[in-house]
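Student: Got a structure for you, written out below as structure tokens; questions coming shortly.
The values are calculated or read from the model by the stated rules, or taken from the named source; none is laboratory data. Please read these numbers as outputs of a predicted model, since none were measured by experiment. Please note: Cβ atoms are built from the backbone with ideal geometry, for glycine as well, and neighbour counts cover all protein chains shown.
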Amino acid sequence: MKLGIQVVLWVASIFFAYKIYDSVNGPIKFNQIKNERYSIVIDRMKDIRMAQIAHKDVKGFYANNFDSLIKFVDEGIFTLIEKRDSSYLEYDRTYRIDMLKEVIVIDTLGTVPVKDSLFGSSTRYKNMAHIPIDGVKDSTFTIKSEVINKNGYNVPVFEVKISKNVILYDQNTDLVRQENETVSVDGVNGSEIILGSLSNVSTNGNWPTIFDAKRE
């Protein structure tokens, strides 16, 4: 009888010791996994940003879907130009003299493929739409572009986002819930990782600068 009680107490002590260990180390491990996954996701969003900025530079607007964006990287061409100041004399009928006119001359130097310029020999851009995390590779970013009015001007904007629930799909639900409520200067605030904005003219992400230092 005493042996049975001792065994029960021994099992109970191990259980409570594990619970204490887990309560301390669980959040530490969660933060490690979270930061690793955020870093991978944000690196991919930087590729998307780079491609979107190029798309706007060439076409004047942002892509509204990944098929169009990837096709643009595959087929797009940058025109290389050089701007230089110049001047010439032109007869002014009002003053009846030659007046110096200053102009900017634009010379076309050639072209270069967008793909080579942005990604070199890498083909990682072909997977831009997909979340680069084991277990959620079938999930994709949400992408949208619009033209909004800002101070009387029509301005192209875009937004790309992914839910933290997708990124942290296999983690402790209580810790994920707390992460979704994050409000911090050194954290990713809110329940999504977001690049750009559909209401403001911005190509920034809602992540802290520590993630920008990882690959730029």
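Student: Go through the stretch 135-172 and give me each residue that's more than 19 Å from the chain's Cα centre (by Cα) and charged (D, E, K, R).
Tutor: 150, 170 - these are the residues of the stretch 135-172 that are more than 19 Å from the chain's Cα centre (by Cα) and charged (D, E, K, R).
Student: Looking only at the stretch 50-62, decide whether some residue is at pLDDT 80 or above and among the polar types (S, T, N, Q). I'd like the intermediate steps shown before the answer.
Tutor: Let us first name the residues in the stretch 50-62 that are at pLDDT 80 or above, namely 50-62.
Add one more test, that the residue is among the polar types (S, T, N, Q), and what stays is 52.
Yes, because at least one residue in the stretch 50-62 is at pLDDT 80 or above and among the polar types (S, T, N, Q).
Student: If we scan the stretch 93-105, do we find a residue that is under 36 Å from the mean Cα position of the chain (by Cα), at pLDDT 80 or above, loosely packed, with under 11 Cβ neighbours inside 10 Å and not in a strand (DSSP E or B)?
Tutor: No, every residue in the stretch 93-105 fails to be under 36 Å from the mean Cα position of the chain (by Cα), at pLDDT 80 or above, loosely packed, with under 11 Cβ neighbours inside 10 Å and not in a strand (DSSP E or B).
Student: Sticking with this one: All but one of (1) modelled with pLDDT under 95; (2) closer than 30 Å to residue 114 by Cα hold for residue 3, so report the exception by its number.
Tutor: Tallying (1) modelled with pLDDT under 95; (2) closer than 30 Å to residue 114 by Cα, residue 3 fails exactly one: (2).
Student: Let me ask you something else. Among all residue pairs at least 6 apart or on different chains, which show Cβ distances below 9 Å where the first residue, located in the stretch 63-85, is in a loop (DSSP other than H, G, I, E, B) and modelled with pLDDT of 95 or more and the second is among the acidic types (Asp, Glu) and surrounded by fewer than 18 Cβ atoms within 10 Å (Cβ to Cβ)?
Tutor: Taking only residues 6 or more apart or on different chains, the pairs are 64/146.
Student: Next question, about the same structure. Suppose the filter is in a helix (DSSP H, G or I) and either touching a Gly at 6+ places or on another chain (Cβ under 8 Å) or farther than 23 Å from residue 201 by Cα (or both); does residue 58 pass it?
Tutor: Numbers: in a helix (DSSP H, G or I): yes; either touching a Gly at 6+ places or on another chain (Cβ under 8 Å) or farther than 23 Å from residue 201 by Cα (or both): yes.
Criteria met by residue 58.
Student: Name the residue, out of 158, 119, that is farther than 13 Å from residue 41 by Cβ, surrounded by 15 or more Cβ atoms within 10 Å (Cβ to Cβ), hydrophobic (A, V, I, L, M, F, W, C) and in contact with a Leu (Cβ under 8 Å, 6 or more places away or on another chain). Step through it out loud before you land on a result.
Tutor: Numbers: 119 fails: in contact with a Leu (Cβ under 8 Å, 6 or more places away or on another chain).
158 is the lone residue from the list that is farther than 13 Å from residue 41 by Cβ, surrounded by 15 or more Cβ atoms within 10 Å (Cβ to Cβ), hydrophobic (A, V, I, L, M, F, W, C) and in contact with a Leu (Cβ under 8 Å, 6 or more places away or on another chain).
Student: Against the condition farther than 20 Å from residue 54 by Cα, among the hydrophobic types (A, V, I, L, M, F, W, C) and loosely packed, with under 15 Cβ neighbours inside 10 Å, how does residue 167 come out, does it pass? Even if it seems obvious, please write down each step before you answer.
Tutor: On the way: farther than 20 Å from residue 54 by Cα: yes; among the hydrophobic types (A, V, I, L, M, F, W, C): yes; loosely packed, with under 15 Cβ neighbours inside 10 Å: no.
In short, no.
Student: Continuing with this model, one more query. Residue 67 - would you say it is within 30 Å of residue 192 (Cα to Cα), out of contact with any strand residue (DSSP E or B) (no Cβ under 8 Å at 6 or more places or on another chain) and acidic (Asp, Glu)? First the steps, then the outcome.
Tutor: On the way: within 30 Å of residue 192 (Cα to Cα): yes; out of contact with any strand residue (DSSP E or B) (no Cβ under 8 Å at 6 or more places or on another chain): yes; acidic (Asp, Glu): yes.
So residue 67 passes the test.
Student: Check residue 174 against each of (1) loosely packed, with under 12 Cβ neighbours inside 10 Å; (2) of a type in the set (Asp, Glu); (3) at pLDDT below 95 and name the one condition it does not meet.
Tutor: Residue 174 satisfies all of (1) loosely packed, with under 12 Cβ neighbours inside 10 Å; (2) of a type in the set (Asp, Glu); (3) at pLDDT below 95 except (3).
Student: Sticking with this structure for a sec: Would you pick out the residues in the stretch 175-216 that are among the hydroxyl-bearing types (Ser, Thr, Tyr) and either over 18 Å from residue 142 (Cα atoms) or free of Cβ contacts under 8 Å to residues at least 12 places away in the same chain (or both)? Show your work before the answer.
Tutor: Here is the first cut: in the stretch 175-216, the ones among the hydroxyl-bearing types (Ser, Thr, Tyr) are 182, 184, 191, 197, 199, 202-203, 209.
Correct list: 182, 184, 209.
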